[in-house]
Every structure is written in C-alpha cells, then in structure tokens.
Amino acid sequence: GRKLGTIYFVGFTHYCTRNRKGNFMVGRKTEKSRFRRSAQSLCSLMREIRHHCLKDQSEKINQALRGHYAYYGVGGNIKALFKIYRVTERYWHRVLCSRSRKSYITWERFQFLKQVFPLQQPTISLPYARMKSLLVL
C-alpha cells in the first residue's frame, strides 16, 4: 500500500516504523531544526560561562542537559540524546582549551575532569510503553 508520510509536530519528527516483533509503531526523533537550536543554545551557554569555575560550569551545563533530556527523552529518541551529549562534551572541551593561550587541555586530562565534574548522562523520561498508554491515535 501507500507509505504514510512523516509529521513534524512539537519538536519531534513522527514517522511510521516497525518494532522488533514486526508490528506497527510510531517512531519519534528530535526534529533537525530543534536539535540544531538546542546545540547552539548549549554552545552559547558554554561560551558565556567560559571563565567561571569548573564546578559552576558543570552545574549549569547539567541543568541545561537535564531540561533537554526531560523534554526530548521519549522512547525511540535515545540516539538524538546521546548525540546532544557528545556535541556538548566536545564543545565543552573546546571552550576549556580556549580559556587562555597556555591552557590547552588534552583529551585525557579532560576525561579526568569529567570524572570530577561529570556531565549528565542521557535518560529516557517517557518510555515507549508508558507513552503508548497515554496516546490515542
């Protein structure tokens, strides 16, 4: 039959797909424009707080990440959450390296700093099973 199209609604791309058993399900992932906007806002936040102490930086970055995960943390969207985590991790390293001329931080040193001041890991706040019971198609 005719393939159903994708719908862009409330920051998600909704598309038809099949689950592991082969049954129909509605897949959701972060809309491209919203992902780019979130990444840009996180990057501008990191530029603003570049010269704050590392503890304050990690708290503010984690606060922004928690908000992102709370909204976009739906079942089937874990790849996009890990993608925003990686973008944040790389840009934070870049910002820390640009604090002064002398202070280049190697990736190994940055990994140590991340153990002391960890970034919030992606979490699914609304699993697909719970979401299915809330929605009526």
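Among residues of the stretch 29-41 that are assigned to a helix (DSSP H, G or I), those with a beta-carbon under 8 Å from a residue that is of a type in the set (Gly, Ala, Ser) at least six positions away or on a different chain give the pairs ARG34/GLY11; PHE35/ALA80; SER41/ALA64. Residues of the stretch 54-74 that are over 27 Å from PRO127 (Cβ atoms) and not acidic (Asp, Glu): LEU54, LYS55, GLN57, SER58, LYS60. Criterion first (over 17 Å from THR123 (Cβ atoms) and either loosely packed, with under 12 Cβ neighbours inside 10 Å or modelled with pLDDT under 95 (or both)) does HIS93 satisfy it? Here the answer is no, as HIS93 does not meet what is asked.
Only a single criterion out of (1) without any contact (Cβ under 8 Å) to a residue 40 or more places away in the chain; (2) over 24 Å from PHE9 (Cβ atoms); (3) not acidic (Asp, Glu) is not satisfied by HIS68, namely (2). Suppose we filter the stretch 61-77 for residues that are surrounded by 15 or more Cβ atoms within 10 Å (Cβ to Cβ) and part of a helix (DSSP H, G or I); how many remain? Matching residues across the stretch 61-77 total 8. Residues in the stretch 24-49 that are closer than 14 Å to GLY76 by Cβ and either of a type in the set (S, T, N, Q) or surrounded by 15 or more Cβ atoms within 10 Å (Cβ to Cβ) (or both): MET25, VAL26, GLY27, ARG28, LYS29, THR30, GLU31. Screening LEU113, LEU81 for residues that are of a type outside the set (Phe, Trp, Tyr), without any contact (Cβ under 8 Å) to a residue 60 or more places away in the chain and farther than 22 Å from VAL26 by Cβ leaves exactly one candidate, LEU113.
The values are calculated or read from the model by the stated rules, or taken from the named source; none is laboratory data. These figures come from a predicted structure and were not determined experimentally. Glycine gets a Cβ as well: all are built from the backbone with ideal geometry, and neighbour counts include every protein chain shown.
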